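Where a number appears in this text, it was derived from the coordinates with a stated rule and is not lab data. Not measured: the values here are computed from a predicted model. All Cβ positions, even for glycine, are placed from backbone atoms using ideal geometry, and neighbour counts span all protein chains on display.
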């Protein structure tokens, strides 16, 4: 039987509307996934850069990752400024910085960049790899803060999916703690600070972005983070000499420039996803970077895939799926 | 005078009208941002959808316009008005009201 060939204008409008809504949501989810994949690429590429000369044989645990983060974030900011100027949004940067939402994004940058990342590095140094799964709790804090400050509701399906993602991420990154780590508890506390910092970043940035363009928000984020690293953290951890010598070496700088490009894409798409499908979904998809990081490390750095890692990867994928879609929809026929 | 970030400006515009579609917003802001490369329909749609996703404006209805394109109408809600009063520089809201009463 043939269906009516020409729909009424009302029906057409409704159809177009539904199409647009589902496209908006689908794009948000795709952005969230891209943010995870590119962050995994960034991690792998930075690891490659750190195998190059000025980084090799550096004393102290913090200097190398801090220097890499400082250069990476600053370069990502430069990439983003170029992108925004090309898109005719150059003037928005200054305009946004002098408003309260712009300042909230800057605050988000401090929470997520130097504070969370700094605490993460200290946590790993003190408690060993056990700190990594603790830091993977960040989507939970993000969701809790989003509920508190942004009144974003989390439905049961998203909450369960998020929990599964966190468990998967924890499993992937968990390595048996080597005995005798001193200040283990303190390290775990630092890792918690990192998770809270990243959670706060998600919420502050989502809020700021309701009032300013997400492309601009992320440019401010990377720029502020880079500056605070260079002005505060590098001197604090006595890493300025290494910073200077890396700046002068071509090969690691080129690699970090590539990594920074992926960082820029990752944060851009993460912030977009957060503002399109909510912080809980955005962060859960973003956290799949743990999975991608492992995959890319296996491909490019020849690291091994253990059964734990593979199990964790499957769990994370299931969690991310549950967050982004209702499994019941698979069985429902589209009308 | 320095301009507001355009997304905030769109929200401020929404606080001065009962409801508006993308073309209304673009017409109203043309004199301020019209010369900039970012002044595109695509970007305005993005601003509206993000303001909506963040719960600051609501979609009130939609229809097909004369060109057969989908056209949505939005209205600011309480949260949107609260956000403007709380986070936008006061002089902006005042300036705008003066413009309106002139």
Inter-chain Cβ neighbour average for residues A:92-101, partner chain, 10 Å: 5
Taking N as the number of residues in segment A:195-277, the ratio of its alpha carbon radius of gyration to 2.2 N^0.38 Å works out to 1.27
Over all residues in B:78-90, what is the mean tally of Cβ atoms on other chains that come within 10 Å of each residue's Cβ? 2
What nm distance separates the two modelled labels at residue A:10 and residue B:31, each placed 7 Å from Cα along Cα→Cβ? 4.0
List the relative contact order of segment B:6-96 as a percent without decimals, with contacts defined as Cα pairs under 8 Å and 6+ residues apart. 33
May I ask you to order B:66-75, A:99-108 by the average number of other C-beta atoms within 10 Å around their residues, highest value first? A:99-108, B:66-75
On the formula 1/(1 + (r/R0)^6), with r taken between the Cβ atoms of residue A:151 and residue B:18 and R0 of 22 Å, the FRET efficiency rounded to 0.05 is 0.35
Could you tell me the largest-minus-smallest coordinate of the C-alpha atoms of the protein assembly as shown on each of the three principal axes, in descending order and whole angstroms? 70, 62, 38
Kindly list the residues of segment B:75-90 that lie in the label zone of residue A:98, defined by a backbone N under 16 Å from the point 7 Å along the Cα-to-C-beta vector. B:88-90
Find how much the distance from residue A:184 to residue A:51 grows on full extension, using 0.36 nm per residue of separation minus their present alpha carbon separation; answer in nm with one decimal. 45.1 nm
Can you pull a Stokes-Einstein diffusion coefficient for segment B:1-80 at 10 °C (1.306 mPa s), Rh from Kirkwood over Cα pairs, as a whole number of µm²/s? 123
Partner chain coverage, peptide B:5-13 - average Cβ within 10 angstrom: 6
Provide Rg over Rh for segment A:238-287; use the alpha carbon set for both Rg and the Kirkwood Rh (inverse mean inverse pair distance). 1.23
Largest first and in whole Å, give the semi-axes of segment A:64-119's equivalent ellipsoid, each being the square root of 5 times a Cα gyration tensor eigenvalue. 23, 17, 6
